[in-house]
Amino acid sequence: MKRIYIALIAITALTPSLAFAAEDYGNGFLEGSPIVPTMMEFIPMVITFSILLILMGKFVWPVVLKALDERAEKIEGSLKKAEEAKIEAEGILNDSQEKLTEARKESAQIIESGKAAGESARQDVIKRAEEEASEVIARGYANVEAEKNAAFNEVKEDSAKLAVIIAEKILKDKITPSVDAAMIDAAIAEMGGSND
């Protein structure tokens with residue numbers, strides 16, 4: 001750093017010397033020029049510029065360098081944070097895509113198991129309905145058979161009673177066609193009365 005300052009001071013000091021040297025060879029055509037100062041103006045300018053350059057190098061330049069370094073560190077930190085955020089976002093995206101894929105698979109499995117359970121329940125309902133229908137039909141046949149047997153037994157009993165009643169009357173009375181018809185009518189009337 002000091003070398004740069006020394007080089008700048010040397011260049012500053014030598015540049016007007018070349019201009020003054022050229023003035024000697026040019027037969028004074030630069031005399032009174034507003035661009036090229038005289039030697040009396042040049043020396044204080046060089047001293048002032050050198051002091052200003054040294055003071056700026058000592059007090060201002062370190063602050064500028066420090067600010068630039070802080071700015072560079074801040075930019076690097078921001079870039080690192082952005083890269084970390086990008087990596088984290090990619091990780092979150094991958095995780096969410098995996099979870100979405102897993103959720104889709106799980107929902108497909110739930111749907112399939114629901115369909116299977118529904119089909120199984122449907123088959124069970126059909127089977128139970130068929131079994132109940134078979135039982136109802138069997139009970140119906142049994143009831144019809146029982147009713148038929150009961151009716152047959154009742155007719156048999158009524159016939160036996162009628163036969164007993166007719167035999168009793170025949171034995172008591174002499175049978176004639178008019179008596180025979182009257183007995184049959186009386187037996188039928190009694191049979192009708194015993195059924196009620």
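Derivation of every value follows stated rules applied to the coordinates shown; laboratory data play no part. Note that this is a predicted model, so its numbers are computed, not measured. Quick reminder, even Gly has a Cβ in these numbers, built from the backbone with ideal geometry, and neighbours come from all protein chains shown.
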Worksheet item: Using the Karplus equation 6.51 cos²θ - 1.76 cosθ + 1.60 (θ = phi - 60°), what ³J(HN,Hα) coupling, rounded to whole Hz, does each residue of the range 122-129 give in order, writing x for Gly and Pro?
Response: 4, 4, 5, 4, 4, 5, 5, 5
Item to complete: Starting from the Cα of Lys148, draw a straight line to each of the lysines and keep only those under 24 Å, dropping any in the same chain fewer than 8 residues away.
Response: Lys156, Lys161
Practice prompt. Calculate one ³J(HN,Hα) per residue across the range 105-112 by plugging θ = phi - 60° into the Karplus curve 6.51 cos²θ - 1.76 cosθ + 1.60, and present them in order as whole Hz with x for glycine and proline.
Written response: 4, 5, 5, 5, 5, 5, 4, 4
Worksheet item: What is the dipole size for the range 105-166, taken about its Cα centre, with +1 at each Lys and Arg Cβ and -1 at each Asp and Glu Cβ, in debye to the nearest 20?
Response: 60 debye
Item to complete: Kindly write out, for the range 57-64 in residue order, the coupling ³J(HN,Hα) from the Karplus curve 6.51 cos²θ - 1.76 cosθ + 1.60 (θ = phi - 60°), rounded to whole Hz, with x marking Gly and Pro.
Response: x, 7, 9, 8, 4, x, 5, 5
